[in-house]
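Asks: This is the structure I have questions about; it appears just below.
Please treat every number below as a calculation from the coordinates, not as lab data. All values reported here derive from a predicted model rather than from experimental measurement. Quick reminder, even Gly has a Cβ in these numbers, built from the backbone with ideal geometry, and neighbours come from all protein chains shown.
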Amino acid sequence: AGPIHEALSPLKWMIGKWRSVSADGFYPTIQPFSFCEEISFTSVGQPILNYSSLSWHPVKQSPMHLESGFLRIKPGTNDVSFMVAHNFGLTTLEEGMTYIINSSVAGNVLQMKSTNIGRMSFGKEPRVLEIIRCYKLVEEGKLEHTLQMATSNTPLCQHLRVVYEKC
Ligand code: HEM
């Protein structure tokens, strides 16, 4: 990792590589499932974190959902923008902010909501209409990620809950 840009100080708590200790998926239209995931937020010195997520099947080990993108911060603020390309033909732009819910050991939160969703012409139905994501440092070295989505068939419902440990 390179030097950390000072604009990133509100996001310092997310920097690094994280490996799931539990990762569960659900949605009203599908059978609940589990998966494994590794995510990383890395700095190359810009006021940006480079993001990647790889998930794989817990038994077959085959790749599942893959994401790649950038988490940007508006320098001098806690406002962020998260640009993500998903392997199934979706792009999402999510915006929100990072804040602290309590000043003890952990309590850092990053809360974002989609402001733009792109979809390739031959993408599968249903269409994703909205995403709400939350990353939360639940204790030192332990990160929780929850994701809700709305599709053209289903109102906003939880799709993922993942707990990661710092690698
Ligand atoms: C199903 C979107 C992340 C695994 C779905 C569906 C959508 C979707 C639209 C179809 C729901 C339906 O048929 O009603 C998304 C979005 C994600 C995301 C927007 C991230 C922002 C993930 C991740 C995994 C995952 C990280 C981990 C492996 C699955 C599985 C299904 C599914 C296994 C059911 C099988 C299938 O339809 O392919 N997801 N997903 N998703 N998702 Fe996700």
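Asks: Please find, within the range 39-62, the residue that is surrounded by the fewest Cβ atoms within 10 Å (Cβ to Cβ) out of those that are of a type outside the set (G, A, S) and near the ligand (Cβ under 9 Å from one of its atoms). Write out each step before concluding.
Replies: Step one: list which residues in the range 39-62 are of a type outside the set (G, A, S), which gives 39, 41-42, 44, 46-51, 54, 56-61.
Pick out the ones that are also near the ligand (Cβ under 9 Å from one of its atoms) and you get 56-57.
Values: W56: 18, H57: 13.
Looking at residues that are of a type outside the set (G, A, S) and near the ligand (Cβ under 9 Å from one of its atoms), I get H57.
Asks: Sort out which residues of the range 63-93 are among the charged types (D, E, K, R) and surrounded by fewer than 16 Cβ atoms within 10 Å (Cβ to Cβ), and write them in order of number. Before you say what the answer is, go through the steps one by one.
Replies: Pass one, the range 63-93, residues among the charged types (D, E, K, R): 67, 72, 74, 79.
K74, D79 - these are the residues of the range 63-93 that are among the charged types (D, E, K, R) and surrounded by fewer than 16 Cβ atoms within 10 Å (Cβ to Cβ).
Asks: Check the range 102-119 and report whether any residue there is within 16 Å of the ligand (Cβ to nearest atom) and over 16 Å from the mean Cα position of the chain (by Cα).
Replies: Step one: of the range 102-119, the residues within 16 Å of the ligand (Cβ to nearest atom) are 110-119.
The next check asks that each one be over 16 Å from the mean Cα position of the chain (by Cα); those that pass are 118-119.
Yes, the conditions are met somewhere in the range 102-119.
Asks: Which residue is nearest to the ligand (Cβ to nearest atom), if the candidates are limited to the range 139-152 and must be more than 19 Å from E37 (Cβ to Cβ) and in contact with a Lys or Arg (Cβ under 9 Å, 6 or more places away or on another chain)?
Replies: Only one residue tops the list, namely T151.
Asks: So which of E144, E139 is acidic (D, E) and in contact with a strand residue (DSSP E or B) (Cβ under 6 Å, 6 or more places away or on another chain)? I'd like the intermediate steps shown before the answer.
Replies: On the way: E139 fails: in contact with a strand residue (DSSP E or B) (Cβ under 6 Å, 6 or more places away or on another chain).
Matching residue, one of E144, E139: E144.
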